[in-house]
Amino acid sequence: MFDSELNGLSTQIRERLAALGAPPPARIDWAPVPFGGTWGFGTAVCFQAAAAEARSGQPVRIPERAAELAADLASRLQPPHGFTRLHADKAYLNATVDPGIFAARVIDACLSSGPDFGRGARRDERVMVEYAQPNTHHSFHIGHARNALLGESLARLVEFAGFPTVRASYPGDIGLGVITCLWGYQRFHAGEEPQGVHARGQWLLKVYAEANALLTARPGETAEETATREAYDAERRELYRRWDAGDPDVRDLWLRTRQWSLDELNDILSLLSIPIDVYFFESEADEPAKAIVQDLIDRGIAEDERPAGPVIVRIDEKLGLKKEKFRTAVVLRSDGTTLYLTKDLALAKQKFEQFHADRSIYVVDFRQSLHFQQAFKILELMGFPQAPKCFHLAYGYVTLPEGAMSARKGNVVLFMDVLLEAERRVLDVIAEKTPDLPQEQRAAVARQVGLGALTYGLLSVDNTRDIVFDMDSALSFDGQTAPYIQNAHVRATSILRKAGSLPASAGFTYALDRLELELIDWISRFPTAVQQAAAEYKPLHMAAYAYELARAFHAFYHAVPVLQVEEPVRASRLRLVAAARQTLANALRLLDIAAPDVM
RNA sequence: GCCCCCGUAGCUCAAUGGAUAGAGCGCCUGACUUCGAAUCAGUAGGUUCGGUGUUCGAAUCACCGCGGGGGCGCCA
């Protein structure tokens, strides 16, 4: 917000430090001063300069010398426009801003940019984010929701930070799991088709779990049971063979049931406001993957051990590593069929060459870390310049209190079940707390608030951690939650509605209340928060920011009157409320959470 | 054996190498005749797993341990 002034000051500091014989650092960082009361930006540059001086052989005691430098700078340099003074606090150099100028600048910038407040300058680097990769012939559960929401929030952050962004989804539409489901369907449910997009999609999961149970060896099974199971397994293998051979009946059944899953997925992605740009189907990666393998063999990157063994890449050996780190990767089975890794190589090539991705982010659970390390290294060996800009955003599982969810066993928490329960609970709260809310608005509000609570719960935990799913805590509406933030937006909206119109401009020349200052401070930090969250791939930062902003607003709202004060303060505070509302809306949007006007 | 992630308040979790480590939940106390109480104000709660380093400065970086989780040639 004061970048040009602080940059100018940094230049002066550098010159003065050099004149004093203390080598200034290449970059001078300014951070908001951590204490209330005074208000401005501080830098620890004097510590760095004094330390550099000591390193160059000067006999200085660093803390004393740093304090001396800070005192010199504070007394010699003039505060830039918009700042009231420079002063040394211990060895920190602090620049105190003029509250009136700062406030007007922040509020004007926010309101003139509106939905674009906080948007970064356009960058020349295309980013592809891959997420929402559920397998077909299963159903969308709460773990998939974490993945999809993490990816969507990240895509929104990166895009808003200034980078052209492509959203990619990679459904796993083939593999043994899919064939298992098809076998169960054909064997026991041929011709059946439940009505309703979600009922049908969820039913496939039941078929899959049922089939799996029949194909899994149980301890203490009789000889007869073993024989039956092995016969079933033979049927399944035969079905996979027929799929591979392109048998029209099998392909038709596969495509028809696949569509049931895709219909369910599309409906959920739509209600989650996730606009996928590109779909890559695993089944379509097969042929290009085989071509990649041949290329790897021809170029001496891969070794062909067929027919005795598979095609492998000895990555550690290729890199000359002594310790085993990337190990040896199998890129083609000995029977010539492709693997997950092979397809990911083909997919990456397509991302680089066909979609011109300069940077590629994979939102995939942390258990696949080695897989991606191997994939990225092989891409590097293949000579792709984008390979070092591939990043695996690993996240933890959503587990149940009793352990991991398992689609195979059928014990998963379905996303739609949680959403419907969330909406029921919101309706209960509305009945209790907002009985005047018109009936016809309640369903929409229940969706916005219920989905928001669920989303915030998944995004406000660091992606490295597992989340133990518990309905009550997942759907909490109190404390650090989406409804708390949404309620701040509702309150701001309500004030603005009662005010009627918003003044086109207003100064902040009166004595600002501490709570006003803190609110303005949080608004001013939004653009930086966007850049940080995008650069670190951490929607969590934005989730934390949104909460802090809401907290500042609630505190302000409670203690500082807006509509009841005299002009010109009233006009200034109205604009502040409008700016807070805008920033809350922008922050929520980056989290893929709705900002309702009533709730 | 090797590699990756994690360890912070009773619980769940935060904290670009920077100043006094912060929230929520839970506990306790207070505030609705008020711009919407899904709110606010306040109390209590800490050897940041341990150790040794690097640094003017370490929850953060390095190394060694301890504890938990995950992974390691034809699953995805």
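Summary of computed values
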{"read-out": "Residue that is within 9 Å of RNA strand B (Cβ to nearest atom), closer than 15 Å to residue A:556 by Cα and either assigned to a loop (DSSP other than H, G, I, E, B) or open to solvent by less than 80 Å² (accessible area, probe 1.4 Å) (or both), where the choices are A:494, A:476", "value": "A:494"}
{"read-out": "Any chance residue A:152 is among the acidic types (Asp, Glu), within 14 Å of the chain's Cα centre (by Cα) and buried (at least 23 other Cβ atoms within 10 Å of the Cβ)", "value": "yes"}
{"read-out": "Subset of the range A:526-570 (residues that are part of a loop (DSSP other than H, G, I, E, B) and open to solvent by less than 40 Å² (accessible area, probe 1.4 Å))", "value": "A:537, A:560, A:562, A:565"}
{"read-out": "Test: residue in the range A:236-244 that is out of contact with any helix residue (DSSP H, G or I) (no Cβ under 8 Å at 6 or more places or on another chain) and not charged (D, E, K, R)", "value": "no"}
{"read-out": "Looking only at the range A:291-313, and only at residues there that are outside any loop (DSSP other than H, G, I, E, B) and crowded, with 18+ Cβ neighbours inside 10 Å, the one that is farthest from the chain's Cα centre (by Cα)", "value": "A:311"}
{"read-out": "Helices (runs of 4 or more DSSP H) fully within the range A:175-259 counting 3 or more residues that are more than 41 Å from the chain's Cα centre (by Cα) and exposed (fewer than 13 other Cβ atoms within 10 Å of the Cβ)", "value": "A:223-245"}
{"read-out": "Residue in the range A:414-424 that is within 24 Å of residue A:554 (Cβ to Cβ) and either at pLDDT 90 or above or more than 9 Å from RNA strand B (Cβ to nearest atom) (or both) present", "value": "yes"}
{"read-out": "Any hit, the range A:426-435, residues being buried (at least 19 other Cβ atoms within 10 Å of the Cβ) and more than 20 Å from residue A:368 (Cα to Cα)", "value": "yes"}
{"read-out": "Selected residue [of a type in the set (D, E, K, R) and not in a loop (DSSP other than H, G, I, E, B)] from A:119, A:65, A:123", "value": "A:65"}
{"read-out": "Hits in the range A:63-89 - residues which are over 39 Å from the mean Cα position of the chain (by Cα) and open to solvent by 60 Å² or more (accessible area, probe 1.4 Å)", "value": "A:63, A:64, A:68, A:75, A:76, A:78, A:84, A:85"}
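Residue-wise test of (1) closer than 30 Å to residue A:211 by Cβ; (2) without any contact (Cβ under 8 Å) to a residue 24 or more places away in the chain.
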| position | (1), (2) |
| --- | --- |
| A:382 | no, no |
| A:388 | no, yes |
| A:394 | no, no |
| A:399 | yes, no |
| A:415 | yes, no |
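The values are calculated or read from the model by the stated rules, or taken from the named source; none is laboratory data. Keep in mind that this is a model prediction, so the values were computed, not measured. Heads up, the Cβs are rebuilt from the backbone with ideal geometry, glycines too, and the neighbour counts pull from every protein chain shown. To get the accessible areas, we keep the full protein, side chains included, count just its heavy atoms, and leave off ligands, DNA and RNA. Shrake-Rupley method; radii C 1.70, N 1.55, O 1.52, S 1.80 Å.
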